[in-house]
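Structure first, then comments.
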Ligand SMILES: Cc1ncc(COP(=O)(O)O)c(C=O)c1O
């Protein structure tokens with residue numbers, strides 16, 4: 001079994017806590033960079049029409065922090081945006097033009113306008129959006145559609161079954177959509193799908209690529225267009241549990257190449273650039289939620305009450321997700337106690353871990369919850385007046401950089417208007 005490690009010692013964290021009180025998320029820059037390089041090396045065979053290599057458009061929603069985006073930009077990544085603030089965040093980091101893939105759904109017009117203004121690749125989620133796009137800001141030169149394979153692909157617990165999903169175009173719609181775009185004079189095309197979340201079964205991931213390559217062949221035959229790129233989506237899984245295995249990028253890439261050669265090269269449709277939009281696999285394992293134990297209580301169960309709560313990490317509450325916990329300084333002690341690790345929300349589901357085997361916990365212990373680098377801080381919320389935590393960056397030289405300060409009570413109150421309260425009668 002893997003032992004899940006943290007990239008800092010108890011003494012280091014104690015020093016950090018003196019300056020930045022718990023709870024906070026901390027990200028390991030070196031590990032993020034090493035992993036990004038590994039992904040790019042695995043897909044180094046990819047060559048587009050103008051010799052462009054593989055690209056991952058990092059799903060901003062996973063970790064919308066400008067410092068993280070800048071690190072990823074330096075590693076060759078673009079952004080996958082699905083809202084106006086995400087587009088603006090990319091712009092602020094200097095990620096613009098076709099370095100952005102805009103993959104929204106239920107999209108308001110002003111987002112299409114901003115995406116077009118930035119020169120982003122627009123990925124349409126519905127056939128009716130063709131008309132909307134035409135009316136709002138005109139059809140861009142390059143267009144992409146999100147494919148929903150419906151019954152031919154199983155989804156996953158987090159993202160749902162494709163047949164029930166609100167996303168994407170059906171097979172019939174997508175062929176029609178490309179035909180319409182061809183008639184409207186579009187010459188540059190991409191194809192996208194996103195059918196799964198946290199998937200570690202490599203065969204499933206490879207099969208998604210095969211499905212897209214087959215669709216490209218079909219659209220080419222039926223509509224007579226050529227594709228510039230294919231976006232395999234995100235959804236690559238990470239090993240949350242100690243016994244989980246990470247996705248081997250080399251094996252995954254080899255499988256994708258096999259079908260690329262057979263279907264794309266074999267049908268003389270190459271070169272087509274292969275891209276992805278992973279979030280979780282890029283930053284997930286390299287983020288940690290650090291918290292302190294406030295109370296240990298004994299009722300029908302034993303509870304560890306921490307200064308973090310589900311507002312800092314919603315995944316356990318939302319999906320029953322497992323996030324491993326390391327008790328700093330007690331790594332070699334036996335896990336011979338069973339606890340529910342909870343926060344202070346007035347909500348019984350506010351549990352960061354349920355019936356977790358841990359060493360004996362005492363007040364003041366520092367707990368580190370693993371794999372919070374994606375969909376962690378980002379999914380935070382203010383319910384019960386909980387304030388969003390800080391985000392810190394562990395630099396490769398060991399320095400600590402605060403990349404987002406903790407929210408204050410003033411921040412929390414900033415959207416409330418108290419000026420009319422005095423004369424207000426309910
Ligand atoms: C359209 C789209 N792309 C990419 C992602 C990123 O998924 P993951 O972080 O699991 O790779 C998501 C996640 O919600 C998504 O909705």
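Coordinate-derived values only; no laboratory data. Predicted, not measured: the structure shown is a model, and the values here were computed from it. We place every Cβ from the backbone using ideal geometry, glycine too, and count neighbours over all the protein chains shown.
What the table below lists for this structure:
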quantity: The chain - percent relative contact order, Cα under 8 Å, separation 6 or more; calculated: 19
quantity: Rounded FRET efficiency, nearest 0.05, which uses the C-beta distance separating residue 17 from residue 410 and R0 of 25 Å; calculated: 0.65
quantity: Fraction in percent of alpha-carbon pairs per bin - 10 Å, region 37-116; calculated: 18, 48, 28, 6
quantity: Calculated SAXS-style log₁₀ I(q)/I(0) at q = 0.10, 0.15, 0.17 Å⁻¹ - region 29-283, Debye, Cα scatterers; calculated: -0.44, -1.08, -1.43
quantity: Euclidean distance between Cα centres, region 329-363 to region 27-62, Å; calculated: 36
quantity: Degrees, to the nearest 10: 171-183 long Cα axis against longest axis of the chain; calculated: 60
quantity: Rh by Kirkwood over Cα pairs, then Stokes-Einstein D for region 133-263 at 0.890 mPa s and 25 °C, µm²/s; calculated: 155
quantity: Cα pair distances of the chain binned at 10 Å [whole percent]; calculated: 4, 21, 29, 23, 15, 7, 1, 0
quantity: Förster radius 22 Å - calculated FRET efficiency between residue 51 and residue 141, Cβ distance, rounded to 0.05; calculated: 0.70
quantity: Zone of residue 336's modelled label, taken as backbone nitrogen in region 263-306 under 19 Å from a point 7 Å along Cα→Cβ; calculated: 302-303
quantity: Stretchable slack from residue 318 to residue 347, in nm (0.36 nm times residue separation minus alpha-carbon distance); calculated: 9.2 nm
quantity: Per-peptide average of other Cβ atoms within 10 Å, ordering 11-19, 279-287 highest first; calculated: 279-287, 11-19
quantity: Gain on full stretching of the segment that runs from residue 171 to residue 294 - 0.36 nm per residue minus C-alpha separation; calculated: 38.9 nm
quantity: Region 29-283: antiparallel DSSP beta bridges as a percent of all, rounded to 5; calculated: 5
quantity: Estimated FRET transfer efficiency when R0 is 45 angstrom, pair residue 268-residue 383 (beta carbons, to 0.05); calculated: 0.20
quantity: Binned Cα-Cα distances of region 1-153, short to long, each 5 Å bin given as a whole percent; calculated: 2, 8, 15, 16, 15, 14, 12, 8, 5, 4, 2, 0
quantity: Using alpha-carbon coordinates, inclination of helix 109-118 to the longest axis of the chain, degrees; calculated: 80
quantity: Approximate spin-label separation residue 154-residue 401, in nm, with each point projected 7 Å along Cα-to-Cβ; calculated: 4.3
quantity: Mean Cβ neighbour count within 10 Å, used as a protection proxy, ranking 252-258, 359-365 highest first; calculated: 252-258, 359-365
quantity: Convex hull of Cα atoms in region 201-348, direction-averaged projection (nm²); calculated: 12.5
quantity: Peptide ranges 128-140, 54-66 listed from the most packed, as the mean C-beta count within 10 angstrom indicates; calculated: 54-66, 128-140
